[in-house]
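The values are calculated or read from the model by the stated rules, or taken from the named source; none is laboratory data. Fair warning: this is a prediction, and the values are worked out from it, not measured in the lab. A quick note on method: Cβ atoms are made from the backbone with ideal geometry, for glycine too, and the neighbour counts reach across all protein chains shown. All accessible areas refer to the heavy atoms of the entire protein, side chains included, with ligands and DNA or RNA removed. Shrake-Rupley method; radii C 1.70, N 1.55, O 1.52, S 1.80 Å.
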Amino acid sequence: MAEENPWNAARLIPTSGINGAEEQERRATSALLAVMSSVKEYGRVLTSRMGAPAGVLETFIEVPFPLGDKKVFPDGLIRVKRGSKVWTALVEVKTGNNELQREQLENYLDVAREHRFDALLTISNEIPPAAGTHPTVVDKRKAKYAVMHHLSWTEVLTAAIMQKEFRGVADPDQAWILGELIRYLEHPKSGAVEFTDMGPSWVPVRDAVSIGTLRKSDKDAAQVAGRFDALLRYGALKLGQRLGADVTQVLSKAEVANPSLRIAAVTEMLVTEGKMWGAIRIQNAVSPLTVTVDIRAAQVTCSFSTSAPAEGRPTTRVNWLLRQLKDAPDSLRIEAFAARQRGGTAELLKTAREDPGVLVADPTKEIKSFTVTYIGKMGAARLAGRSGFIDSVMDSILESYDVVGQRLKDWSAAPPRLRKPEEVVVDEQVPKDIPSAALSSQDDELPGSSAPDAS
């Protein structure tokens, strides 16, 4: 039996020797910025999100700047040069549960204004409830001079995995370097933690929903709604990592422009129905994945919808769907929606397999679409774990895509079949009173006119 090697393998970015949050942040900053400047494809992916030009990328850490009668030290600085154009961003990093500080960020915005820098990038484990928003509120007047961008460590890691595993890195040595960053960020000691906490408002809101005492004016309700949206964005990122595809939260144009509208809508549903709802868009899936949490029923449901075939009897259309779900669990719920029919007809997949006709409420009406729903049990605990709310939502998202989302395909009509010559029937008995369709010298002749002179 071979002996286990007790020695730690040498790593480009080691996790050993990290003592305290300050060392953790310094090492994470240095590792990330060094890899961004070394692996061109990865550096470009992150800087292009901030509007930086394509060019030579340089990175620095702990750059001192005088500010009034003191000095401030942003964690890093990114500079991109292209010809005579120079684009610069200051970088502030937090790891673990440490949150970004308003005063610190406003100081860096002042530095950016004085030096005419373009952006301030913050990186932490905070996930804002809406894309394009920042988790820290700062003085709007200071934010006019440099654009604020935020990345969660999950986004940083997802971008690295996508680039290395799916999009590719041209240079093998650079690909190895990017792999070392991925290995480092996935280690618990790196401080790049996952989404693990629904926040202090979760338990009182959950209990208030269960007994029917939650009010729209309760600040805790809006906080839970925001955390739920952050969880959806986190779920989209993790699913994207697994698929190697773009997965994003579905938001309306109005919600993108004003994220408070989305929080207000989720809060309203939470108070009136005890539910929270959202959707994520998966590249090439038949529809967005709709995620609904019913706190009163302690259920998480995840649904995909697809159009029914445009031809065939109602049961034929049902069988078309059942064939796609032949290996799916019996516990899925199937809903069939017919034209000019209010609501749908729902049954479990097990029942529909035994008798497809149970989904046909009226044989004279065309079935237009189907919705397939995975039903999971909702965890109640605030923190991530086996009985936690976060894990129950994440498990439902991944499982529903596995058993439903990746199996469903849109219907398309079969192309017309090219008939063989012997299949074409030609009727040789042409009536004598039907003129020939062949072109002749008479085709240009007007009625009543004589034939043109051939001489």
- prompt: How would ASP410, ASP229 line up by accessible area, probe 1.4 Å, largest first?
  reply: ASP410, ASP229
- line: Rh (Kirkwood, all Cα-Cα pairs) for segment 1-124, Å, reads 16.1 Å
query: If you count the DSSP beta bridges with both ends in segment 201-404, what percent of them are antiparallel, to the nearest 5?
result: 95 percent
- line: Rounded to the nearest 10, the angle in degrees between the Cα long axis of helix 259-273 and the longest principal axis of the Cα atoms of the chain comes to 80 degrees
- prompt: Listed here are the pairs LYS94/LYS189; LYS94/LYS219; LYS70/LYS142; which of them are more than 22 Å apart at the Cα?
  reply: LYS94/LYS219
message: If you count only protein heavy atoms with a 1.4 Å probe, what accessible area per residue comes out for the chain, rounded to a whole Å²?
response: 56 Å²
message: Using a 7 Å offset from the Cα along the Cα-to-Cβ direction at both GLN101 and LYS350, what is the distance between the two label points in nm, to one decimal?
response: 5.8 nm
- request: May I ask you to work out the translational diffusion coefficient for segment 250-290 at 25 °C, viscosity 0.890 mPa s, via Stokes-Einstein with Rh from the Kirkwood sum over Cα pairs, reported in whole µm²/s?
  value: 217 µm²/s
query: So what's the projected area for segment 137-185, the Cα convex hull averaged over all directions, in nm²?
result: 4.9 nm²
- request: Return an integer: the convex hull volume of the alpha-carbon atoms of the chain, in Å³ per residue.
  value: 373 Å³
message: Quick check on the chain: helices-only [θ] at 222 nm, where DSSP H runs of length 4 and up contribute -39,500 (n - 2.57) each and the sum goes over total residues. Nearest 500, please.
response: -10500 deg cm²/dmol
task: Using all C-alpha to C-alpha distances in segment 201-404, build P(r) with 10 Å bins and read off the rounded percent in each one.
output: 9, 31, 32, 22, 6, 0
query: With each label point set 7 Å from Cα along the Cα-Cβ vector, what nm distance links SER260 and VAL72?
result: 2.6 nm
- request: Determine the gain in length on full extension of the stretch GLU114-ARG407; use 0.36 nm per residue of separation and subtract their C-alpha separation, reporting nm with one decimal.
  value: 99.9 nm
- prompt: If you average the sequence gap of Cα pairs under 8 Å that are 6 or more apart and divide by the length of the chain, what percent do you get for the contact order?
  reply: 10 percent
message: Sequence gap at least 6, Cα distance under 8 Å: using those rules, report the relative contact order of segment 201-404 to the nearest whole percent.
response: 18 percent
- line: Between PHE166 and GLU311, the two model label points (7 Å from Cα along the beta-carbon direction) sit apart by a distance in nm of 3.6 nm
- prompt: How much length is gained if the chain between ALA297 and TYR145 is pulled fully straight, taking 0.36 nm per residue apart and subtracting their Cα-Cα distance, in nm to one decimal?
  reply: 49.8 nm
field: 0 to 90° range, to nearest 10: angle between helix 202-211 axis and the chain longest Cα axis
entry: 50 degrees
- request: May I ask you to derive the FRET efficiency for ASP391 and TRP176 from their Cβ-Cβ distance with R0 = 35 Å, giving the value to the nearest 0.05?
  value: 0.60
task: Grab the beta carbon distance between GLU62 and LYS377, set R0 = 45 Å, and tell me the FRET efficiency rounded to 0.05.
output: 0.40
Protein accessible area in the chain, 1.4 Å probe - carbon and sulfur %: 51 percent
query: Roughly what angle does helix 389-400 make with the longest principal axis of the chain, taking Cα atoms, 0 to 90 degrees, to the nearest 10?
result: 30 degrees
- line: Restricting to Cα pairs under 8 Å and 6 or more apart, the percent relative contact order of segment 21-186 works out to 19 percent
- line: Taking alpha-carbon centroids only, segment 27-45 lies from segment 189-252 a number of Å equal to 29 Å
task: With r as the distance between the Cβ atoms of GLN283 and HIS187 and R0 = 25 Å, compute the FRET efficiency 1/(1 + (r/R0)^6) and round to 0.05.
output: 0.30
message: For the full complex of protein chains and a 1.4 angstrom probe, list ARG116, ARG382 by accessible area with the highest value first.
response: ARG116, ARG382
message: Could you sort PHE195, PHE337 by their accessible area in this structure, using a 1.4 Å probe and putting the largest first?
response: PHE337, PHE195
Once the Cα gyration tensor of segment 96-240 is diagonalised, semi-axes √(5λ) in Å: 31, 24, 12
- prompt: If the chain between GLU23 and ARG419 were fully stretched, how many nm would it gain, using 0.36 nm times the residue separation less the Cα-Cα distance?
  reply: 135.1 nm
